[in-house]
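The structure appears right after this line, and notes come after that.
Read-outs throughout are calculated quantities, based only on the coordinates presented, and are distinct from any laboratory measurement. What you see is a predicted model; the values in this text were computed from it and never measured. Note that each Cβ is placed from the backbone with ideal geometry, even for glycine, and that neighbours are counted across all protein chains shown.
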Amino acid sequence: RTLREAAAEDPEYVSLQQVNPLELAEVQQFIPEQTTLLEYFSTQEEVIAFVITRNDAKVFRRLAPPGRIRTIQERLAFQLEKFLIGREYVKAHSRRILEDTDRHLQTLYATLIEPLAGELRTRRVTIVPHGLLHFLPFHAFFDGQHYISDNFEVAYAPSASVLRYCMENSDVVGGTPLIVGV
């Protein structure tokens, strides 16, 4: 009832609060021509990836158990938290921190990107993580020679439905941009 009442006042806000699932054909209609949508879904047993372009869609199952991803994510977070120790520590151990961080980023690449890398044929990749995958820096995954962001323009979206909403709305002209970094 509250959402119906709010819809009369601010339909845009309500559309973000109550999102309907999309059919594949709907998703393919709003994906830009040179963009691949890489949407992940985690169950209790497996991480699944959906690779969707304007003209194609593929599913990659059993990429990894979520527990394995959680372990790698925790190890990566441990490396990144070393920057909180202080400038002198980081300066003294920077090579080792980089090596360990790259190793975890390479494991994430091998697990979540490598099995489907052959399907990434566009310049832009929009990643829709799910669950604990929201905590992963996909753009920084490392294949042993390059980071993902070296080869692709990477964008993130919380869901395909929200992405559609953003793609359908016009750009705000003359507004002041807000940039947020975590």
How far is it, in nm, from the label point at residue 34 to the one at residue 48 when both lie 7 Å from their Cα along the line to the Cβ? 3.2
Quick one: if the Förster radius is 30 Å, what FRET efficiency do residue 70 and residue 95 give, using the C-beta to C-beta distance and rounding to 0.05? 0.65
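Can you tell me what share of the DSSP beta bridges in the chain is antiparallel? A percent to the nearest 5 is fine. Write out the running numbers ahead of the final one.
Details: 11 of 20 bridges.
Of those bridges, close to 55 percent are antiparallel.
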